[in-house]
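Read the structure below first, then the notes.
The values are calculated or read from the model by the stated rules, or taken from the named source; none is laboratory data. Note that this is a predicted model, so its numbers are computed, not measured. Methodologically, a virtual Cβ is constructed for each residue, glycine included, from the backbone with ideal geometry; neighbour enumeration extends over all protein chains shown.
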Amino acid sequence: MSTKLLPGGTVYDLSIHLVLVTKYRRKVITGEVLNRLKEIFNDTCKKWDCTLQEFNGEGDHCHLLIDINPKVQISAFANNLKTVSSRLIRKEFLDHCNQFYSKPVFWKIGYFVSSTGGASLETVKRYIQSQHHPDGTDRD
């Protein structure tokens, strides 16, 4: 568990799995593009006070495992990752991207995101259910 501390004593350990898919699932991501995406995502995560823990992908999508700050709104963060990376990739790999797209696009609208953690949902439920009520009684 890699907990972090915010001012005021808040302790957190939050991570998300984010999947971004290219527009029309075109296989536009090459090894060189994938390496550049990793750099872009790493830099963008730092600006949001988040950490890119793992990254990989294939020709038409990529996976990001991110330690995320609880102050971050996930939808705004995901859309910023897409906007920044799309703009830079299209600029730096213009000729390559133009082979796949006639418009200035790169990512499909939307994304997949899920929370991740060390314990299963059932384990967390059991833990919560096992807590004792402040007046000394067990949960109904």
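In the set (1) touching a Pro at 6+ places or on another chain (Cβ under 8 Å); (2) more than 17 Å from Phe106 (Cα to Cα), Ile74 fails one condition alone, (1). For region 79-122, the set of residues classified as among the hydrophobic types (A, V, I, L, M, F, W, C) and touching a Leu at 6+ places or on another chain (Cβ under 6 Å) consists of Trp107, Val113, listed by residue number. Among the residues of region 78-88, those identified as more than 17 Å from Phe112 (Cβ to Cβ) and in contact (Cβ under 8 Å) with a residue 40 or more places away in the chain are Val84, Leu88. Among all positions in region 41-50, there is no residue which is modelled with pLDDT under 95, closer than 18 Å to Trp107 by Cα, in contact with a Ser or Thr (Cβ under 9 Å, 6 or more places away or on another chain) and not aromatic (Phe, Trp, Tyr).
Looking across region 10-46, the residues that are exposed (fewer than 13 other Cβ atoms within 10 Å of the Cβ) and polar (S, T, N, Q) come down to Thr10, Thr30, Asn35. Can you spot a residue in region 3-16 that is within 30 Å of Asp95 (Cα to Cα) and in contact (Cβ under 8 Å) with a residue 24 or more places away in the chain? No: zero hits.
Can we say Phe41 is under 23 Å from Ser115 (Cβ atoms) and touching a Lys or Arg at 6+ places or on another chain (Cβ under 8 Å)? No, not satisfied. Inside region 34-77, residues that are in contact (Cβ under 8 Å) with a residue 24 or more places away in the chain, touching a helix residue (DSSP H, G or I) at 6+ places or on another chain (Cβ under 7 Å) and part of a strand (DSSP E or B) make up a count of 4. Filtering region 111-123 to residues that are of a type in the set (A, V, I, L, M) and either part of a loop (DSSP other than H, G, I, E, B) or surrounded by 12 or more Cβ atoms within 10 Å (Cβ to Cβ) (or both) leaves Val113, Ala119. Residues of region 78-110 that are exposed (fewer than 15 other Cβ atoms within 10 Å of the Cβ), in a loop (DSSP other than H, G, I, E, B) and of a type in the set (Lys, Arg): Lys103 alone. Any residue at all in region 23-31 that's over 18 Å from Ser114 (Cα atoms), at pLDDT below 95 and part of a helix (DSSP H, G or I)? Yes, the conditions are met somewhere in region 23-31.
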